[in-house]
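The values are calculated or read from the model by the stated rules, or taken from the named source; none is laboratory data. Owing to the predicted nature of the structure, the values given are computational and were not obtained by experimental measurement. Counting neighbours? That spans all protein chains shown, and the Cβs are built from the backbone with ideal geometry, glycine included. Each accessible area value is taken on the protein alone, full model and side chains, heavy atoms only, with ligands, DNA and RNA left out. Shrake-Rupley method; radii C 1.70, N 1.55, O 1.52, S 1.80 Å.
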Amino acid sequence: MTHIDPEALVASLRRLRTTSSATDIVHQLERAVDVVDTLFGYSGAGLMFAEEGRNLRYLVATDDRGRSLEGAQLHLGQGPCVSAYERNSAVTSTDVHADPRWPKLADRLHPDVRAVAGVPVRLGGEPVGTLNVYQSTPYEWDDSDVQALHGYADVIEQLLTAAMAAEEKSALADQLQYALDYRVVIERAIGYLMGKHDLTATQAFTGLRKQARDSRRRVADLAAEVLGEGAGELR
């Protein structure tokens, strides 16, 4: 069982509720996912959102393994997180590598992604995405895990609702679409750093995120700068 400190959980939820900013909703969502990862002691976490047409895309992932989980599900159109979105309810798997519900998923996952849980993120009762976590070993999810994830999904809903109240709905959609589009830039920057510095994908992603935090910039903006410098080297 994952140890969840009730006092730390309440304090963290309170901070997220009171510091939401409509001017940078994507940053707030990234922060919420990071808190889930560190506070609960899971191996990683991620956030997926639906575009028009109800197609899911990943918005935030805490590490390379988490990105493999999101990417595999999006490629196949199936998995625990996709099911959580489609059913509008929590879906868990003790070990996705041995789960008969998604037999093709294991081949596309990082080997350290084993137990997975996903809960819907809703607006007006309707799912607009999913909050997802994973463990690097098989794990029996219990009610405290699911309740905690639902609590954080509710916070994400409040962040989105607050942003929509402060801005035009179209402006919020533009911010989320910007973030989704720039995941492609981030992936390209990771590939560039891997080739230039002989890094693994995890090392490149971690280094990119750390440098962005240290310089108080968004990862997407730094990734675009890295790619720009790389293009200059080839001239």
Worksheet, complete the sentence: With all protein chains in place and a 1.4 Å probe, residue 68 shows an accessible area in Å² (nearest 10) of 30 Å²
Discussion item. At a 10 angstrom cut-off on C-beta neighbours, averaged per residue, how do the peptides 197-204, 123-130, 209-216 rank from highest to lowest?
Written reply: 123-130, 197-204, 209-216
Item to complete: Note down, for region 189-232, the three equivalent ellipsoid semi-axes (square root of 5 times each alpha carbon gyration tensor eigenvalue), biggest first, whole angstrom.
Response: 16, 14, 6
Worksheet, complete the sentence: Log entry: pair-distance distribution for region 75-134, C-alpha pairs binned every 10 Å from zero, whole % per bin is 26, 53, 18, 3
